[in-house]
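The values are calculated or read from the model by the stated rules, or taken from the named source; none is laboratory data. Only a predicted model underlies this, so the values are computations on that prediction, with no experimental measurement involved. Here Cβ is always computed from backbone atoms with ideal geometry, including for glycine, and neighbour counts include all displayed protein chains.
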């Protein structure tokens, strides 16, 4: 994984091996797909920002046979709209206990924990992170989350952390140059 190491960081063999097994990537939203900021307008309208690099990473995963699911504690139409635009249909919102969504996804996809990756940034993510085959924290996650994660990305939440993880999974499963062979398509 020389190319990945040059782009991001060197990885232990165990992390690469775990990435090779992933069939489902579960993502939190706030602090992972977004930078964790919530903008509220004068009329109560909630706004979030998403990074197109992360969107491209999600499409790369889907194109390579890795399913995507969202488990988030908040509920927002913005999340549903953004994820649907990327082709993500397994969206669990308002999940204060994220283990419930995780267990349902294992059942729905008929997967073992080793076949699941999870990226989260704060304490509500920890119960699921402790059960999956590959647990990942964005670079700006809470220090304890980074401590228990198998990998901490070099990028922060909302700033390419999901793309970095997507590159790892695609490169581990399909070869290092698989990600650069998918240059065609629309922006995400």
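List of remarks:
- Among (1) in contact with a strand residue (DSSP E or B) (Cβ under 6 Å, 6 or more places away or on another chain); (2) under 19 Å from residue 35 (Cα atoms) - the single one residue 124 does not satisfy: (1)
- Residue within region 48-68 that is more than 18 Å from the chain's Cα centre (by Cα) and more than 19 Å from residue 118 (Cβ to Cβ) present: no
- Scan of region 140-168 for residues that are surrounded by fewer than 22 Cβ atoms within 10 Å (Cβ to Cβ), assigned to a loop (DSSP other than H, G, I, E, B) and touching a strand residue (DSSP E or B) at 6+ places or on another chain (Cβ under 6 Å), ordered by number: 150
Residue-by-condition table, conditions (1) buried (at least 16 other Cβ atoms within 10 Å of the Cβ); (2) assigned to a strand (DSSP E or B):
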{"position": "53", "(1), (2)": "yes, no"}
{"position": "83", "(1), (2)": "yes, no"}
{"position": "94", "(1), (2)": "no, no"}
{"position": "118", "(1), (2)": "yes, yes"}
{"position": "121", "(1), (2)": "yes, no"}
{"position": "128", "(1), (2)": "yes, no"}
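- When region 40-51 is filtered for residues that are farther than 19 Å from residue 140 by Cα and either touching a strand residue (DSSP E or B) at 6+ places or on another chain (Cβ under 8 Å) or at pLDDT 95 or above (or both), the ones remaining, listed by number, are 40, 41, 46, 47.
- Among all residues of region 100-119, there is none that is free of Cβ contacts under 8 Å to residues at least 12 places away in the same chain and within 21 Å of residue 52 (Cα to Cα).
- For region 1-13, a tally of residues being in a helix (DSSP H, G or I) and in contact (Cβ under 8 Å) with a residue 12 or more places away in the chain returns 4.
- Unique match (being surrounded by 20 or more Cβ atoms within 10 Å (Cβ to Cβ), touching a residue at least 40 places away in the same chain (Cβ under 8 Å), in a loop (DSSP other than H, G, I, E, B) and touching a helix residue (DSSP H, G or I) at 6+ places or on another chain (Cβ under 8 Å)) among 70, 22: 22
- Number of the exception - residue 16 against (1) farther than 18 Å from residue 115 by Cβ; (2) part of a helix (DSSP H, G or I); (3) at pLDDT 95 or above: (1)
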